[in-house]
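For reference, the structure I am asking about is given below.
The values are calculated or read from the model by the stated rules, or taken from the named source; none is laboratory data. For clarity, every value in this text was computed on a predicted model and none was experimentally measured. Backbone-built Cβ (ideal geometry, glycine too); neighbour counts: all protein chains shown.
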Amino acid sequence: MPPLKTVSFIVKRCGVAMLGCVTSIADAQQTPSLEQLLKTQLSDLPQHIETSTATRYAQSSNQSATVTYVVTSTDIAMYQWQTLAEVLQSLPGIYITTDSVFQYVGVRGLGQPGDFNSRLLFLIDGVRMNENFYDAALVGRDAIIDVENIDRIEFAAGPGAAIYGNNAFFGVVNILTKSAQQLRGAALQMTLRDDTSNRYFFSSAHRLEQGSEWWFSASHEQQSELPLAFPAQPQFEQDFLNNNNEQLSRMRLGAKHQGLRLQLLWSGQARNTPRLLSSPDSVKTTSVHDQNDNLLLSLAHTHALTDNLTVSGHLNQSTSRYQRDIPIYQPYTGLSSLTDDQIGRWFSGDLVMQYQGLLKHDVLVGIELQDDLRQQLETRLGPEQELLQGFYGRNQRKSAFVQDQWQFLADHSLLVGLRYDESKVSDPRVSPRLGWVWQISADQSLKLLRGNAFRSANLYEYAVNAGFDLPPLHDEEITSTELSYEQQWSRQLSYRLSGFYADIHQLIALSPETSVFTNTPKLHNLGAEFNLDWRLTNGAMLTATWSWQQGQGPFKEDLQNSPQHLVKLQYQQLVPYINAHLSTLIIGTSERQAGDLVLPGSVMAQLSLHWQLAEQHQLSMKFNNLLDSSITDRPVLDWPVFSRPGRTFSLSWRWQLW
């Protein structure tokens, strides 16, 4: 069915009535609307972007020894990215693979098959997002945060264990959320796609005269026919489509008063996946049911004790539960079910002190604690939920870190950091890092960073090996060195060239032959990145990145799921004839090894158009995989190759109620 005809059908089919009792916002310093952004000619590059992820405090990006990439809420709106994974894949060196259920993130050619994003540390407003049984981070439609709530995303590439500890192996992704000022009152948004998906988002926020504020948002998404992960036999294809569906809901609630901030995030996902069930009498189509629920409650406080001393901290409570019900047939009891139940609940907190009273020094000292109150992996049988297998953990992590950035000369600064980590399941770890920044001139800088990071085996990896009475796995280790040169040629043109080398020891990998986890001997990874940012005189913006890497295993073999080249082009342009804003993203990925197969290279293109119909109404349309390219993935090596969906079309309408 043609995209426009399908969307028209969906609009007629889905009558939506949403009634909310909301409070208007009176704020003289509102963020600019999309209409104002469309009329703004961004002919100059932004100067001295402020970031906070690499050092845990705000500083100009040219002062940071770590290369940090930033995506703003304006970028998300212009390109109509609808998931966190879509946002991340626009960043240099990052590539996304999928098995239709989970979105896997690879970084700089390192995307270990079967890894649930445990080698990247994900934060929401500085709070750990990775759960405590797989160390997984959800970045697809199952993510705990709506993209409409994201103010900016910062990606600090390279090992970050010196201030973040476990999981900050390949880098740190910090998702900074919007406050009442950015949410701008009350808004309703509806998105319809030609793949039977529809999504609704509502937000409301209010800022009081004394500076206190609160915000609320809720979303619901459903898709009645998900694309099939693998081809079905013709006689079962329609039944498979009917039993392949998904519903997702999210909520965000928060308040802020002076330096105190309280926030609640919740997400729920219900998914059905088709499965053939054989019995002596027949073969019929049934559904595997997945239920995924996540909750994060966070209290944060920042207080300036003196002009030179600032103290900040977090107290967090997190819960994650994933349950899978698999229909089975037993000879003596007939139809039954097998239930996998995975529950994690943990408490975490940190206290950080920043002191700037020493001449030319910026000192950071902090402590962290995570108490895994519940770690449970169970398999149960039948309606009586008979326990077949169970594994339980209770880990505790304690850490302390110190960092100093010393401006020892007018144009030179030195960053020294050290962190100590201990836990119940691994040996104590010390993670150092050293950085040097040379501000050659107002338009040029040179940065050198060397750092270490580690990752301990998660509960799932530990449980699999414990079932075979194998000894505990060693911690993974990485030592990385990166050199980066940046130059701004003019007010409209800048570039960055980076080179990096990493040694990886004891990488944890699942052996296809034995189905247990083992530590892999030493790996090497060498690479380079080139980024170009150009503002054209007509207001158009062009960003081009090229990433190259060469990873080798212990026997000089190529790494699995590791593309050697990534090329990304982003372009934005006002289209005066139709009074719209055009945004395009093109991603080129080279071929990569996946088990016994070589997956071909691919080109994926996105195109978005935005209209400001009136002061309170915006209309957007987007073509994903515009060229209808054939893109294949194999993130789990013992699974068949998965083909991504072809071209899809979406239409989004946003109504700013007030």
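A quick yes/no check of all residues on (1) in contact (Cβ under 8 Å) with a residue 24 or more places away in the chain; (2) closer than 17 Å to Ser90 by Cβ:
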site: Gln570; (1), (2): yes, yes
site: Tyr577; (1), (2): no, no
site: Arg592; (1), (2): yes, no
site: Leu607; (1), (2): yes, yes
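So that you can scan it fast, the table gives a plain yes or no per residue for (1) of a type outside the set (D, E, K, R); (2) in contact with a Ser or Thr (Cβ under 8 Å, 6 or more places away or on another chain); (3) at pLDDT 95 or above:
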position	(1), (2), (3)
Leu358	yes, no, no
Gly382	yes, yes, no
Trp406	yes, yes, yes
Asp421	no, yes, yes
Asp427	no, no, no
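Is it the case that the stretch 252-263 has a residue that's surrounded by fewer than 16 Cβ atoms within 10 Å (Cβ to Cβ), closer than 21 Å to Thr83 by Cβ and out of contact with any helix residue (DSSP H, G or I) (no Cβ under 6 Å at 6 or more places or on another chain)?
no
Pick from the stretch 493-529 the residues that are among the β-branched types (Val, Ile, Thr) and under 24 Å from the mean Cα position of the chain (by Cα): which of them is modelled with the highest pLDDT?
Among those that are among the β-branched types (Val, Ile, Thr) and under 24 Å from the mean Cα position of the chain (by Cα), it is Ile504.
Could you figure out which of (1) among the β-branched types (Val, Ile, Thr); (2) farther than 15 Å from Thr97 by Cβ; (3) modelled with pLDDT of 95 or more isn't true of Ile587?
All conditions pass for Ile587, except number (2).
Hey, another quick one. Residues to consider are Ile328, Ile367; find the one that is in contact with a strand residue (DSSP E or B) (Cβ under 8 Å, 6 or more places away or on another chain), farther than 26 Å from Gln63 by Cα and not small (Gly, Ala, Ser).
Every option except Ile328 fails the conditions.
If you scan the stretch 446-463, which residues turn out to be hydrophobic (A, V, I, L, M, F, W, C) and within 22 Å of the chain's Cα centre (by Cα)?
Scanning the stretch 446-463 gives Ala453, Phe454, Ala457, Leu459.
Also: Tell me, which residue of the stretch 530-578 that is of a type in the set (Lys, Arg) and modelled with pLDDT under 95 is farthest from Gln506 (Cα to Cα)?
So, considering only residues that are of a type in the set (Lys, Arg) and modelled with pLDDT under 95, the one farthest from Gln506 (Cα to Cα) is Arg535.
Quick check on the stretch 549-566: of everything there that is surrounded by fewer than 18 Cβ atoms within 10 Å (Cβ to Cβ) and assigned to a strand (DSSP E or B), which residue is nearest to the chain's Cα centre (by Cα)?
Among residues in the stretch 549-566 that are surrounded by fewer than 18 Cβ atoms within 10 Å (Cβ to Cβ) and assigned to a strand (DSSP E or B), the one nearest to the chain's Cα centre (by Cα) is His565.
Kindly provide the set of residues from the stretch 352-407 that are among the basic types (Lys, Arg) and on the phi > 0 side of the Ramachandran plot, ordered by number.
Selection gives Lys360 alone.
Any chance the stretch 5-24 includes a residue that's assigned to a helix (DSSP H, G or I), aromatic (Phe, Trp, Tyr) and either modelled with pLDDT of 85 or more or in contact with a Lys or Arg (Cβ under 8 Å, 6 or more places away or on another chain) (or both)?
Checking the stretch 5-24: not a single residue is assigned to a helix (DSSP H, G or I), aromatic (Phe, Trp, Tyr) and either modelled with pLDDT of 85 or more or in contact with a Lys or Arg (Cβ under 8 Å, 6 or more places away or on another chain) (or both).
Restricting to the stretch 538-560, count the residues that are touching a residue at least 40 places away in the same chain (Cβ under 8 Å) and closer than 16 Å to Asp503 by Cβ.
So the answer is 4.
Determine the pairs where a residue that is among the basic types (Lys, Arg), located within the stretch 171-184, has a partner that is in a strand (DSSP E or B) with Cβ atoms under 8 Å apart, the partner being 6 or more residues away or on another chain.
Between residues of the stretch 171-184 that are among the basic types (Lys, Arg) and residues that are in a strand (DSSP E or B), the close pairs are Lys178/Ile150; Lys178/Asp151; Lys178/Trp215; Arg184/Ala205; Arg184/Gln656.
Starting from the stretch 364-384, keep only residues that are farther than 19 Å from Ile343 by Cα, then list their pairs with residues that are among the small types (Gly, Ala, Ser) and crowded, with 20+ Cβ neighbours inside 10 Å whose Cβ atoms are within a distance under 6 Å, requiring at least 6 positions of separation or different chains.
Qualifying pairs under 6 Å: Glu368/Ser399.
I would also like to ask the following. Scanning the stretch 190-224 for residues that are in a strand (DSSP E or B) and of a type in the set (Gly, Ala, Ser), which turns out surrounded by the fewest Cβ atoms within 10 Å (Cβ to Cβ)?
Across the stretch 190-224, the extreme among qualifying residues is Ala218.
Examine the stretch 269-287 for a residue that is under 23 Å from Glu209 (Cα atoms) and not charged (D, E, K, R), and state whether such a residue exists.
Within the stretch 269-287 (the criterion being under 23 Å from Glu209 (Cα atoms) and not charged (D, E, K, R)), the answer is no, since none of the residues qualifies.
Can you spot a residue in the stretch 435-445 that is under 14 Å from Leu507 (Cα atoms) and under 27 Å from the mean Cα position of the chain (by Cα)?
No, every residue in the stretch 435-445 fails to be under 14 Å from Leu507 (Cα atoms) and under 27 Å from the mean Cα position of the chain (by Cα).
Check whether at least one residue in the stretch 191-202 is at pLDDT 90 or above and either farther than 21 Å from Leu651 by Cβ or touching a Gly at 6+ places or on another chain (Cβ under 8 Å) (or both), and report yes or no.
yes
Which residue pairs have Cβ atoms under 9 Å apart, sit 6 or more places apart or on different chains, and have a first residue in the stretch 333-344 that is within 12 Å of Gln323 (Cα to Cα) and at pLDDT 90 or above and a second that is small (Gly, Ala, Ser) and assigned to a strand (DSSP E or B)?
Filtered contacts from the stretch 333-344: Gln342/Ser320; Ile343/Ser320; Gly344/Ser318; Gly344/Ser320.
I would also like to ask the following. Go through the stretch 185-211 and give me each residue that's among the aromatic types (Phe, Trp, Tyr) and touching a residue at least 60 places away in the same chain (Cβ under 8 Å).
Tyr200, Phe202
Okay, moving on. From Ser590, Ser630, Ser583, grab the single residue that is farther than 30 Å from Trp655 by Cβ and touching a strand residue (DSSP E or B) at 6+ places or on another chain (Cβ under 6 Å).
The match here is Ser590.
Please enumerate the residues belonging to the stretch 610-622 that are surrounded by fewer than 18 Cβ atoms within 10 Å (Cβ to Cβ) and part of a strand (DSSP E or B).
The answer is Leu613, Ala614, His617, Leu619.
Answer yes or no as to whether Val71 is assigned to a strand (DSSP E or B), crowded, with 18+ Cβ neighbours inside 10 Å and not charged (D, E, K, R).
yes
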